[in-house]
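Values quoted throughout were computed directly from the atomic coordinates according to the rules given, and no laboratory measurement underlies them. This one's a predicted model, so the numbers in the text were calculated from it and none came from an experiment. As a convention, Cβ positions derive from the backbone with ideal geometry for all residues, glycine included, and neighbour counts pool all protein chains shown.
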Amino acid sequence: MGKKGTTGYRIGDQNALHFITLTTVGWVDIFTRKIYKDLLVSSLDFAVKNKGLEIYAYCIMSNHIHLIVRASEGFNLSDILRDFKKFTSRQIINLIKTNNESRREWMLNLFQYAGHNNPNNKVFQVWRHDNHPVELYGSDVIDQKLDYIHKNPVVAGIVENEEDYFYSSARNFLGLTSVLQIEEL
């Protein structure tokens, strides 16, 4: 079911350009609050500066993130994504516990239930384990995924124009202020 260089939903060529979707368990709308979106932004920025992640496009939605990314030479995209999800999971749980979160009990119960039902987790599970990687080859496929990413907030009815959504690389492509720096495609 995977694309060229990708087996099933596993990343085959660790340094190839990929379209990735990271989704919360149960599609929980965690990222409706700025504090959680900003955690993702700072964690992605850390991965760029310290882990060899190259970001070409992104969009942080309420319960998932779309990325066009690759690992720099000598780095492993699967490892980068695993570490990102592990770190952000711990930080999200910590933020839920320590901030004035009205959904605290509900979210912690849901993440704990998901964690207990997964032998790979000890207590909580925030992210689904699959990333649905699609290796991108050819400008037509890249353009289609880029368009999909940038239109996501418009289709969801959050904004009327792609560039109006602050947590999307659509702003980068138009030279507007953005939360993350990206590589040129």
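Along the charge dipole of region 103-154, which of I142, W127, N152 sits closest to the positive end, that is, farthest toward it, with unit charges on the beta carbon of Lys, Arg, Asp and Glu (+1, +1, -1, -1)? So the residue we want is W127. Computed from the Kirkwood radius of its Cα pairs, the Stokes-Einstein diffusion coefficient for region 110-185 at 4 °C and 1.567 mPa s stands at 86 µm²/s. Neighbour counts of C-beta atoms inside 10 Å place L110, L81 in the sequence L110, L81, starting with the fewest. Taking the alpha-carbon distance from K145 and a cut-off under 12 Å, which aspartates and glutamates remain once sequence neighbours fewer than 8 residues away in the same chain are dropped? List returned: E135. Reported value for the chain: 127 Å³ per residue, from the convex hull of its C-alpha atoms. Region 125-185 to region 66-124: how many Å between their Cα centroids? Distance between centres, Cα-based: 21 Å.
Tell me the relative contact order for region 74-185 as a rounded percent, counting alpha carbon contacts under 8 Å between residues six or more apart. Dividing the mean separation by the residue count of region 74-185 yields 11 percent.
N117 to K151: FRET efficiency via 1/(1 + (r/R0)^6), r the Cβ-Cβ distance, R0 35 Å, to the nearest 0.05? It would help to have the intermediate numbers written out before the result.
Values: r = 34 Å, r/R0 = 0.97.
For R0 = 35 Å, the calculated efficiency reads 0.55.
Across all directions, the average projected area of the convex hull around the alpha carbons of region 77-144 is 6.3 nm². Label separation (F46 vs N99): 1.5 nm, computed from points 7 Å beyond Cα along the C-beta direction.
So for region 6-82, taking the charge dipole from beta-carbon charges (+1 Lys/Arg, -1 Asp/Glu), which of Q14, L40, H66 sits furthest toward the positive end? Checked the options; the winner is L40. Ranked by the mean number of other Cβ atoms within 10 Å of their residues, highest first, the peptides 50-63, 118-131 fall in the order 50-63, 118-131. When shorter helices are ignored and each DSSP H run of at least 4 residues is given -39500 (n - 2.57), the per-residue value for the chain at 222 nm works out to -13000 deg cm²/dmol.
Report the full-extension gain for the segment Q181 to S139: residue separation times 0.36 nm, less the Cα-Cα distance, to one decimal in nm.
Numbers: separation 42, 0.36 × 42 = 15.12 nm, distance 2.14 nm.
Taking 0.36 nm per residue and subtracting the Cα distance, the gain is 13.0 nm.
Show me 15-25, 82-92 ranked by packing, highest mean number of other Cβ atoms within 10 Å first. Could the numbers behind the result be given before it?
Details: 15-25: 20.6, 82-92: 17.3.
Averaged packing, sorted descending, gives the order 15-25, 82-92.
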